[in-house]
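What follows is one structure encoded as structure tokens, with my remarks underneath.
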Amino acid sequence: MYVLFFMESSREGKEPPLDETTATRRDKPEYKQRQDRALATIYYGIEEQYRTLISSTTSPSKAWIIFKELFEPVSRASVIRLLDEFFSIKFNPETESIAVFIVRIRKLFERLKNVGHPLNDMYCAFQAIGTLSQEFQGIVQILYRWPDEDFILDKIEIELISEEKLLKK
């Protein structure tokens, strides 16, 4: 099943509605044209069997929300699966760099936040250093001694990338 979503400007109502009081005569047709183009792109970018779901809507943001609710259900099971995936992330130095590993952590962190289950930033930091190989244990011990305000993923990422470069020399 393939559904094509790429209209970021209309996604979940990110484009503000047209303010009728301040809009010029030129703004109104341009706004309507952008809305129609976004809706048409969504409509023709999905499989035919799903087109009936949005055939009665005139707003691309409403169409987007309909498909989001259909294809991204937020259930307890999906939150648990994402949490399990987050806490199971492991660094594999043979197949990825520290930067790629941190990106995987950030993506799962964002996905959890998007389903309404945001994690504390400190969990990301712990996840980033908790599964590192033995060669990183020196820097890990130093990072554990950092004060809480410095113990964030952005600063840890910088240190880990520097350490990775030193280890590869």
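Mind checking the angle between helix 153-168 and the chain's longest principal axis? C-alpha axes, 0 to 90 degrees, to the nearest 10.
50 degrees
If r is the Cβ-Cβ distance from PHE87 to TYR50 and R0 is 30 Å, what FRET efficiency results, to the nearest 0.05?
After rounding to 0.05, the efficiency reads 0.30.
Taking chymotrypsin sites (Phe, Trp or Tyr not before Pro) as exposed when DSSP calls them loop (any state but H, G, I, E, B) and at most 13 other Cβ atoms lie within 10 Å, what is the longest stretch of the chain free of them, the sites themselves excluded?
Segment 7-169 is the longest.
Using only Cα atoms, find the angle between the long axis of helix 121-130 and the longest principal axis of the chain, and express it within 0 to 90 degrees, rounded to the nearest 10.
It is inclined by approximately 50 degrees.
Going Cα to Cα from LYS107, which lysines come in below 16 Å? Please leave out same-chain ones fewer than 8 positions away.
Leaving aside lysines fewer than 8 places away in the same chain, those within reach of LYS107 are LYS90.
Out of (i) -0.23; (ii) -0.32; (iii) -0.42, which label holds the value of log10 I(q)/I(0) by the Debye sum over Cα atoms at q = 0.08 Å⁻¹ that was computed here?
(iii)
Could you tell me how many degrees, from 0 to 90 and to the nearest 10, lie between the Cα long axis of helix 98-114 and the main elongation axis, the longest principal axis, of the Cα atoms of the chain?
50 degrees
Take the solvent-accessible surface of the protein heavy atoms, probe 1.4 Å, and return the percent of it on region 20-169 that carbon and sulfur atoms account for.
In region 20-169, the share of accessible area belonging to carbon and sulfur is 53 percent.
Need the list of aspartates and glutamates near LYS165 for cross-linking: C-alpha distance under 20 angstrom, and skip anything on the same chain fewer than eight residues off.
Counting by Cα, and skipping residues close in sequence, LYS165 has these aspartates and glutamates nearby: GLU94, GLU96, GLU135, ASP154, GLU157.
Might you report the magnitude of the Cβ-based charge dipole of region 49-101 about its Cα centre, with Lys and Arg at +1 and Asp and Glu at -1, to the nearest 20 debye?
340 debye
Can you grab the distance from the C-alpha centre of region 104-143 to the C-alpha centre of region 57-90, Å, no decimals?
Distance between centres, Cα-based: 22 Å.
The values are calculated or read from the model by the stated rules, or taken from the named source; none is laboratory data. Since the structure is predicted, the reported quantities are computational estimates derived from the model, not experimental observations. Every residue, glycine among them, receives a Cβ derived from its backbone with ideal geometry; neighbour counts consider all protein chains shown. Note: areas computed on protein heavy atoms with side chains; ligands, DNA, RNA excluded. Shrake-Rupley method; radii C 1.70, N 1.55, O 1.52, S 1.80 Å.
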